Each structure stands twice: as C-alpha cells, then as structure tokens.
Amino acid sequence: MATAIVEEMFESLSTTSPSVCRALVLHLSPQLAAAISTPVTEDTVHLPAEAMQLANSLLRGRGGDIESEYVATVTASVLDALHRTDDMDAIQVRLDLR
C-alpha cells in the first residue's frame, strides 16, 4: 500500500514541471537503481520489482525528454535485472511502460 501512495506521489510530482521532474530524477535515480540491483534473497525478493514500479512512475504521464541520468542509472539496472532473473512474470507485471 505504501508503494502505491509513493508511486502516485512520484507520478504527480514528475508531471508538475520539467525542473521539478529533473530534480526528482537526479535525486532518486541512484537510489532506485541500487534498489533494482539489490541481490534477491528471501527478505528482499520484492524490492527490485517495487523499485521498478517506482521508476516507472517517474515516466508515466510525462511529455518530454527522459533525463540522461535516468537512462544511465535506472535503465542499466533494469536491463541487468532482466538479464539475471528467470521470473519474467514479476517484471512484466511491474514494468508497465506506456
């Protein structure tokens, strides 16, 4: 439930203005990339998928360019997660790129 609230907040903030969105992306991209890259254990099995969902919320509803910092950090982590996971269903459900 907390992730859904934070997701809505990220989505709302990222559509307010380009400068707010850029500041949000610059601050959050490294943390989201780290969470996506977290090694999966029994305690952290949900973390990469939830981080992908939050990263996706920064893209939804935006009309404009994606920051190079976002691409360099978050996209690289998502691609690495796709490469090292066998459970594509979890990723497909969470990564709803529109």
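The values are calculated or read from the model by the stated rules, or taken from the named source; none is laboratory data. Fair warning: this is a prediction, and the values are worked out from it, not measured in the lab. Glycine gets a Cβ as well: all are built from the backbone with ideal geometry, and neighbour counts include every protein chain shown. These area figures cover heavy atoms from the full protein model, side chains too; ligands, DNA and RNA do not enter into them. Shrake-Rupley method; radii C 1.70, N 1.55, O 1.52, S 1.80 Å.
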**Report entry** Computed label-point distance, nm, for sites Ile66 and His46 using a 7 Å Cα→Cβ extension
**Finding:** 2.6
Query raised in the report: With all protein chains present, how much of the accessible area of the chain (probe radius 1.4 Å) comes from carbon and sulfur, to the nearest whole percent?
Result: 60
**Report entry** Residue-normalised accessible area of segment 1-91, given per residue in Å² at a 1.4 Å probe
**Finding:** 58
Query raised in the report: Rounded to two decimals, what is Rg over Rh for segment 1-58 when you use alpha-carbon atoms and the Kirkwood radius?
Result: 1.02
Query raised in the report: Per-residue ellipticity at 222 nm for the chain, helices alone: DSSP H runs ≥ 4 residues times -39500 (n - 2.57), over residue total, nearest 500 deg cm²/dmol?
Result: -18500 deg cm²/dmol
Report summary line: Applied in sequence order to segment 56-70, the curve 6.51 cos²θ - 1.76 cosθ + 1.60 (Karplus, θ = phi - 60°) yields integer Hz couplings, x standing for Gly and Pro, of 5, 5, 6, 9, 5, x, 7, x, x, 6, 9, 5, 5, 5, 5
Requested in this report: Work out from phi, with θ = phi - 60° and the Karplus expression 6.51 cos²θ - 1.76 cosθ + 1.60, the ³J(HN,Hα) of each residue of segment 32-39, listed in order in whole Hz, and give x for Gly and Pro.
Outcome: 5, 4, 5, 5, 5, 7, 4, x
Query raised in the report: Using θ = phi - 60° and the Karplus form 6.51 cos²θ - 1.76 cosθ + 1.60, what ³J(HN,Hα) does each residue of segment 5-18 get, whole Hz, x for Gly and Pro?
Result: 5, 5, 4, 5, 5, 4, 4, 5, 5, 6, 9, 6, 7, x
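Report the far tail of the P(r) of the chain, meaning the percent of Cα-Cα pairs longer than 20 Å.
So the pairs more than 20 Å apart make up 32 percent of the total in the chain.
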Query raised in the report: Label Met9 and Leu82 with points 7 Å out from Cα along Cα→Cβ: what is the distance between them in nm?
Result: 2.9
